[in-house]
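Heads up: the structure comes next, in structure tokens.
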Amino acid sequence: MKLFYDERQARHAPARELQDGEWAPYAETPSRIGSILEQYGDCHPVHDFGMDPLLAVHDADYLTFLREAHGRWQAAGRPGDAIGYTFPIRGRRKLSLERIDAALGAYAFDVGTPIAQGTWEAAYWSAQCALTALDEIAAGARHAFALCRPPGHHAGADYMGGYCYLNNAAIAARRAGTLGLGPVAILDVDYHHGNGTQDIFLRDPRVLFASIHADPATDYPFYWGHADERGEDQGTGTTLNLPLARGARWPDYSLALRTALEAIDAWGAAMMVVSFGADTFVRDPISHFALEREDYCRLGAAIGELRRPTLVVMEGGYAVSELGSNVAAFLDGLTCPGSGTG
């Protein structure tokens, strides 16, 4: 399986985030990539597909905001990273507001997603990374791995959050449809619900979104990912949420996985995009499932047993010293299926 990555993805490096009421070092660090690259000496170059695939998913004004936000922050005389502090929870509508603080609030849903000097560049190349890996699938490969960073599944069409700015999985899935690779299913196995991906495809009958994640009654992002969210309008029935309680181990996780994979198979997906987060690991510092390294091999094998072309897009995972080994176990299982969900 080819791994795709561009060094410009490491240029996103905020200093801190607000966590549990206190400033904390930013968790989604460039060192996450280093841990994974240590397992793979060979990574393939990323190509530039331009803005059109991004505009097929994201609002044009939002993309302009992302490009300009840090410069506007500096022009306002602010030091460090751009972070919002006020949010329009009611009556959210498009307004032309000059102050950068207003724009940050309009385009974000949390205070844990700062915009640093290199954020736009890194996010742009992270999306191009997913598109390049998709091209590998379009050329006939069974699997491809987009080492995306920053991650993307919390980003909606016109908002950022959860360390995410551009929705890499959604951008790849939508382009896959235009290339005739569909129907496309997105399987999200990050600890946190992929609210942005769900939002983007909520009314789209052409993409099935299935997610296994921590119960939003207790865990971020709280307001999305409940089991009764099944899609809307023409997309009703193409959203499947399988929330699990904190502390979930492989036996419970594997049951949810089987449900998701059976739904994907029955729906008739021609290819899959997997939003893979290794923050389900038992020693992840900000998450609360209890998967072990060998479980990632089982997870990959179960997905591989569907025998669909599969694009893996990297999402979360914050136990940095063990991240590379966990990713390797997943990819090994995916390319050598056999152990399944047992």
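Would you look at the GNM of the chain, springs on alpha carbons closer than 10 Å, and say which of Gly235, Gly21, Gly152 moves the most?
Sorting by GNM fluctuation, first place goes to Gly21.
Looking only at Cα atoms, what is the convex hull volume of the chain per residue, in Å³?
123 Å³
Need one word for the range 13-123: rounded, prolate or oblate. Basis is the Cα gyration tensor (sqrt eigenvalues a ≥ b ≥ c); a/c below 1.5 gives rounded, then a/b vs b/c decides.
oblate
Using helices alone, what [θ] at 222 nm do you get for the chain, with -39,500 (n - 2.57) per DSSP H run of 4 or more residues, divided over all residues and rounded to the nearest 500?
When only DSSP H runs of four or more count, the value is -10500 deg cm²/dmol.
In whole Å, largest first, what are the principal axis extents of the Cα atoms in the range 152-243?
39, 27, 21
Between Met271, Met51, Met160, find the one with the highest GNM mean-square fluctuation for the chain; connect C-alpha pairs within less than 10 Å.
Met51
Please list log₁₀ I(q)/I(0) at q = 0.13 Å⁻¹ for the range 102-178, using the Debye equation with identical point scatterers on the alpha-carbon positions.
With no solvent term, the Cα-only Debye profile gives -0.40.
What is the fewest-to-most order of Trp267, Trp250 by other Cβ atoms lying within 10 Å of their Cβ?
Taking fewest neighbouring Cβ atoms as first place, the list is Trp267, Trp250.
Counting every Cα pair in the range 62-212, what percent are over 21 Å apart?
For the range 62-212, the share of Cα pairs beyond 21 Å comes to 47 percent.
Compute a Gaussian network model of the chain, connecting alpha carbons closer than 10 Å, and tell me which residue from Arg16, Arg307, Arg99 fluctuates the most.
Arg99
Among Pro88, Tyr40, Pro114, which residue has its Cα furthest toward the positive end of the charge dipole of the range 1-123, with +1 on Lys/Arg Cβ and -1 on Asp/Glu Cβ?
Pro88
Can you compute the charge dipole magnitude of the chain about its Cα centre, using +1 on each Lys and Arg Cβ and -1 on each Asp and Glu Cβ, nothing else charged? Give it in debye, rounded to the nearest 20.
It works out to roughly 400 debye.
Give me the percent of DSSP beta bridges within the range 1-157 that run antiparallel, rounded to the nearest 5.
Taking every DSSP beta bridge within the range 1-157, about 55 percent pair in antiparallel fashion.
Quick one: compute the contact order of the range 200-342, relative version, from alpha carbon pairs under 8 angstrom and 6+ residues apart, as a percent.
Details: 267 pairs, mean separation 31.1, N = 143.
The normalised contact order for the range 200-342 reaches 22 percent.
Any read-out appearing in this document is the output of simple, stated calculations on the displayed coordinates, not a laboratory observation. None of the values given here were measured: they were computed from a predicted structure. Counting neighbours? That spans all protein chains shown, and the Cβs are built from the backbone with ideal geometry, glycine included.
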